[in-house]
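J.: Below are the structure tokens for one structure; questions will follow.
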Amino acid sequence: MRILVAALLAGALALPALGQAPAAQAPAAGDPGSDWQARTEAVIGQLQRGEWAAAESGSNELLREMVAWIAGGQAAPRSLALITAFRALAEAGLGREDDALWHWAIAQQVAPEIADMKMANFGAAGALLLEQPPRRTCEEASREGGDIVKPQATERPRPQYPDALRAAGIHGTVTIEAVIGVDGTPRSPRLLTPEAPPTLVLAAAESLRVSRFTPARRAGEAVPFCFSSSMRFELVEGPRR
């Protein structure tokens with residue numbers, strides 16, 4: 001089964017043309033993506049009308065299904081990145097800035113052309129993502145050293161291995177760098193393994209986003225810290241951090 005999400009949204013959001021790239025592939029059994037296009041159109045409408053909670057719920061459900069079922073295809077990164085960007089817009093509309101900026105950053109790293117989305121269609125939420133001042137990066141944060149007490153995880157959920165990739169025997173490692181803030185929250189993600197399958201990237205990024213840490217400390221004072229997380233998705237033992 002082929003999904004048409006990427007082709008549909010390329011026109012709707014003034015993205016560069018897809019040319020003849022094949023659509024992302026999902027397993028045929030059960031046709032899990034038979035209604036993805038219609039549901040994506042519904043999310044676009046909700047975003048344009050400012051129905052943020054409905055758009056967040058719709059984009060979250062789409063992402064869960066797409067991450068679980070998409071096994072590959074040249075259009076997979078763009079399709080997944082677009083729905084991730086829609087999730088970011090909904091979160092921005094709901095005032096959840098940290099979540100919105102995390103997903104917006106990940107979307108652009110999965111498919112860099114997502115940065116060209118026509119954000120004027122989405123009012124204040126689109127403006128927030130485009131106009132937000134740059135967050136602190138790892139280059140500006142503390143790193144491991146003799147005078148630094150490193151962050152320690154207090155909540156570290158295991159990433160979910162996408163069903164389609166497990167069934168296809170696809171495994172790999174995703175490494176994401178993020179700044180652990182003085183409140184123990186990861187922000188400003190940077191993908192260090194761009195060659196990883198996009199569904200693995202999204203699964204790993206979501207695991208890190210909801211993780212929490214004790215902050216790093218220097219001389220007893222909490223400081224931002226550059227943290228690198230490598231998550232291995234293995235067919236026998238499952239994903240590891």
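J.: Hey, Glu131 hits all of (1) within 28 Å of Gln37 (Cα to Cα); (2) out of contact with any Ser or Thr (no Cβ under 7 Å at 6 or more places or on another chain) but one; which does it fall short on?
T.: Status for Glu131: all satisfied but (1).
J.: Based on what the data block shows, is Ile106 within 20 Å of Glu195 (Cβ to Cβ), surrounded by 23 or more Cβ atoms within 10 Å (Cβ to Cβ) and either assigned by TED's automatic domain parsing to the domain that holds Gln160 or over 12 Å from the mean Cα position of the chain (by Cα) (or both)?
T.: On the way: within 20 Å of Glu195 (Cβ to Cβ): yes; surrounded by 23 or more Cβ atoms within 10 Å (Cβ to Cβ): yes; either assigned by TED's automatic domain parsing to the domain that holds Gln160 or over 12 Å from the mean Cα position of the chain (by Cα) (or both): no.
No, not satisfied.
J.: Please work out if Phe227 is at pLDDT below 95 and part of a strand (DSSP E or B).
T.: Working: at pLDDT below 95: yes; part of a strand (DSSP E or B): yes.
Taking the combined requirement at face value, the residue satisfies it.
J.: Also: Which one is modelled with the highest pLDDT among residues in the range 131-141 that are surrounded by 13 or more Cβ atoms within 10 Å (Cβ to Cβ) and out of contact with any Leu (no Cβ under 9 Å at 6 or more places or on another chain)?
T.: Of all residues in the range 131-141, those surrounded by 13 or more Cβ atoms within 10 Å (Cβ to Cβ) come to 132, 135-138, 141.
From the residues that got through so far, the ones that are out of contact with any Leu (no Cβ under 9 Å at 6 or more places or on another chain) too are 136-138, 141.
On the way: Arg136: 70, Thr137: 76, Cys138: 79, Ala141: 76.
Filtering first and then ranking leaves Cys138.
J.: Follow-up. Checking Pro112 against (1) in contact with a Gly (Cβ under 9 Å, 6 or more places away or on another chain); (2) under 22 Å from Gly172 (Cα atoms); (3) surrounded by fewer than 16 Cβ atoms within 10 Å (Cβ to Cβ), which test does it fail?
T.: Tallying (1) in contact with a Gly (Cβ under 9 Å, 6 or more places away or on another chain); (2) under 22 Å from Gly172 (Cα atoms); (3) surrounded by fewer than 16 Cβ atoms within 10 Å (Cβ to Cβ), Pro112 fails exactly one: (1).
J.: Please find, among Leu80, Leu128, the residue that is under 19 Å from Glu51 (Cα atoms) and either in a helix (DSSP H, G or I) or in contact with a strand residue (DSSP E or B) (Cβ under 6 Å, 6 or more places away or on another chain) (or both).
T.: On inspection, the qualifying residue turns out to be Leu128.
J.: Determine whether the range 183-192 contains at least one residue that is touching a Lys or Arg at 6+ places or on another chain (Cβ under 7 Å), farther than 14 Å from Ile106 by Cα and not small (Gly, Ala, Ser).
T.: First, the residues of the range 183-192 that are touching a Lys or Arg at 6+ places or on another chain (Cβ under 7 Å): 184-188.
Those still in the list that are farther than 14 Å from Ile106 by Cα too: 184-185.
The next check asks that each one be not small (Gly, Ala, Ser); those that pass are 185.
Yes: the range 183-192 contains one or more residues that are touching a Lys or Arg at 6+ places or on another chain (Cβ under 7 Å), farther than 14 Å from Ile106 by Cα and not small (Gly, Ala, Ser).
J.: Now, a different point. Looking only at the range 150-198, count every residue that is outside any loop (DSSP other than H, G, I, E, B), surrounded by 14 or more Cβ atoms within 10 Å (Cβ to Cβ) and of a type in the set (D, E, K, R) and tell me the total.
T.: Number of matching residues: 5.
J.: For the list (1) under 30 Å from Gln74 (Cα atoms); (2) surrounded by 18 or more Cβ atoms within 10 Å (Cβ to Cβ); (3) modelled with pLDDT under 90; (4) not polar (S, T, N, Q), I need the number of the one condition that Val236 fails.
T.: All conditions pass for Val236, except number (2).
J.: Looking at this structure, is Ile148 under 20 Å from the mean Cα position of the chain (by Cα) and more than 22 Å from Gln108 (Cβ to Cβ)?
T.: Details: under 20 Å from the mean Cα position of the chain (by Cα): no; more than 22 Å from Gln108 (Cβ to Cβ): yes.
No: the conditions fail for Ile148.
J.: Give Glu97, Glu61, Glu51 a once-over and let me know the one that is surrounded by fewer than 18 Cβ atoms within 10 Å (Cβ to Cβ), modelled with pLDDT of 95 or more, within 27 Å of Ser207 (Cβ to Cβ) and among the charged types (D, E, K, R).
T.: On the way: Glu97 fails: modelled with pLDDT of 95 or more; Glu51 fails: within 27 Å of Ser207 (Cβ to Cβ).
Only one candidate passes the filter, namely Glu61.
J.: Just one of (1) outside any helix (DSSP H, G or I); (2) at pLDDT below 75; (3) under 24 Å from Ala196 (Cβ atoms) trips up Gln74, so point out which.
T.: (2)
J.: Just wondering, is there one or more residues in the range 51-66 that are touching a residue at least 24 places away in the same chain (Cβ under 8 Å), in a loop (DSSP other than H, G, I, E, B) and either touching a strand residue (DSSP E or B) at 6+ places or on another chain (Cβ under 6 Å) or not assigned by TED's automatic domain parsing to the domain that holds Asp183 (or both)?
T.: No, that holds for no residue.
The values are calculated or read from the model by the stated rules, or taken from the named source; none is laboratory data. None of the values given here were measured: they were computed from a predicted structure. So basically every Cβ, Gly included, is an ideal-geometry build from the backbone, and we count neighbours across all protein chains shown.
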